1. Any number yet on Rg/Rh for the range B:122-264, C-alpha, Kirkwood?
2. To the nearest 0.05, how large is the calculated FRET efficiency for A:CYS30 and A:ARG107 if R₀ is 30 Å and r is the Cβ-Cβ distance?
3. For a footprinting-style exposure proxy, rank A:ARG114, B:ARG35, A:ARG34 by other Cβ within 10 Å, fewest first.
4. Just grab the label-to-label distance for B:HIS250 and A:GLN89, each label 7 Å out from Cα along the Cβ direction, in nm (one decimal).
5. If the only charges are +1 at each Lys and Arg Cβ and -1 at each Asp and Glu Cβ, what is the size of the charge dipole of the protein assembly as shown around the Cα centre, to the nearest 20 debye?
6. With contacts defined as alpha carbon pairs under 8 Å and 6 or more residues apart, what's the relative contact order of chain B in percent?
7. When Lys and Arg each count +1 and Asp and Glu each count -1, what net charge do the other residues less than 12 Å away from B:LEU32, Cβ to Cβ, add up to?
8. Which number comes out as Rg/Rh for the range B:5-248 once both Rg and the Kirkwood Rh are worked out on C-alpha atoms?
Amino acid sequence: MSPLAQPPVCPAGRDGCPVFVECQRLQEECRRLRKLSQTDPLTGLYNRRYLMMSLDQEMERTRRTGLPTSLIMLDLDHFKRLNDTYGHQFGDAVLIRVAVLLKENVRKLDVSCRYGGEEFAVILPGTRLPQAVRLAERLRNVLAKSWQEPQRGKRGITASFGVETFTSRDNMTPKAFLRQADRWLYLAKAQGRNTVCHRASPQAGPETGLTPEERRIFLSREKLHDDKAEGSYG
Amino acid sequence: MAESIFWCITSGKGGVGKTCLAVNLAFALARLDKRVLLVDGDLGLANVDVLLGLEVRATVRDILDQGADPSKTVIPVHPNLGVLPASSGVPEMANLGPEDQAVLGEMLKSVAAPFDHVLVDTAAGLSQAVLWFNTLSHCSLVVVTPDPTALTDAYALIKVLARHYQHDQFQVILNSVQGEQEASKTFETLAQAARKFLNLRLDYLGSVPADPAVKKALRAQVSFLEQFPQAKASLAVKIIADRMVRLVQHLPSARAINPEVHAI
């Protein structure tokens, strides 16, 4: 409840009204259950259900305001091996640690969620692709530097990242948006892990602007003719 | 009542004679007994009103910001022709956000209802407003001169509209040409590029020859068609207007007037 709101009072003005007490108890219970239904018990991050709801909301906001929404998906690298080597308790500790790092390193309006297993998602409202990629790179760095495996000299805990941005001229469902970010995540895995992939990654070329071939067609005819005569063309 | 036909007069490059052509085409259509609304779509640096020496009391901006009555903002300049002026020197108007687009779209639809043809004269460049006006219209009239820079910019605009907004109705008008041969040669270059790289067909709507009468009328703030009806340019514009009227039945109808456009 907002701290500015008046403390609730019985409308009939009775002290210790049992109906009113019950009402308050139910309100409190409702808040507790809502929180329970939205969070992941292990890490305290938002859960998948909340992720889908929030994504839907932010995409709607993008459609209304024109400000893009970005989404980062990340998956811990070789988590299964870690779990198998050091046990599930250690694995859980790692997940909790990652959750803390996520919370510490995203901005106030960003929504960090545990998507499932060792996969996490961060919704970035009002964020364009380059900023989202920068944030993903920062997270990747923080994770990679956070700590080493107990066995000295081995590699640290790393994660692979996929980043996607939804603009109001895209026509996508929240599911499709997630799938798209997930595709980039798979690409990051395929490229050797501990990396960030997105549609502006070097492997995806820019789409607008004129190509040199297109440009050439509009050079004046005399110019083309001269070039040919000098033998510098073709 | 039949749906109003939206034409967007556009070019990519500035200074190719868009506004002048828009004004004269509007007069030509009005003389063919069509009811015409000329919209100044250069929301930041309007000059349809200057070209016609009009006294502007309210503009598109007043409608958006203060809810001015759109139908009272239209200035009648001919029994069949009204002008909806825009504001000048208001840079933020060049960037139309989604909210503005929605409001402006609704507004245009209601103002346009009594007219047969709506001509929107756009700004130069690839701003959101320019792209939006194009996607909103049934057909884009792309004005080019034989100048290579004008051709390149026109092509760039067509490319963005085709690739990002699935816009495919383009009619090309060649302006300030020295003869029909130069016009068709220039058009062929543009059409060939569009066919080859965009898999898109461009149509040739006509050409307007370079004519001293155009500049004379411009200085006097009148339409050349009205002032010099027998000038070469005037005859050419009349032919184009005729073709536009005949084209109407071939245009895909009822394009949704609520597209959303964003900066690239």
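1. The Rg/Rh ratio comes out at 0.98.
2. Working: r = 29 Å, r/R0 = 0.98.
E between A:CYS30 and A:ARG107, to the nearest 0.05, is 0.55.
3. So the residues, fewest neighbours to most, are A:ARG34, B:ARG35, A:ARG114.
4. Each label point lies 7 Å from its Cα, and together they span 8.1 nm.
5. Working: 61 positive and 54 negative charges, 285 e Å.
Dipole magnitude for the protein assembly as shown comes out near 1380 debye.
6. Values: 509 pairs, mean separation 70.4, N = 264.
Dividing the mean separation by the residue count of chain B yields 27 percent.
7. Spelling it out: positives minus negatives among the neighbours equals +3.
8. Details: Rg = 16.8 Å, Rh = 17.8 Å.
My calculation puts Rg/Rh at 0.94.
Read-outs: derived from the displayed coordinates by stated rules, not from any lab. Note that the coordinates shown come from a computational prediction; the quantities given were computed from them, not determined experimentally. Quick reminder, even Gly has a Cβ in these numbers, built from the backbone with ideal geometry, and neighbours come from all protein chains shown.
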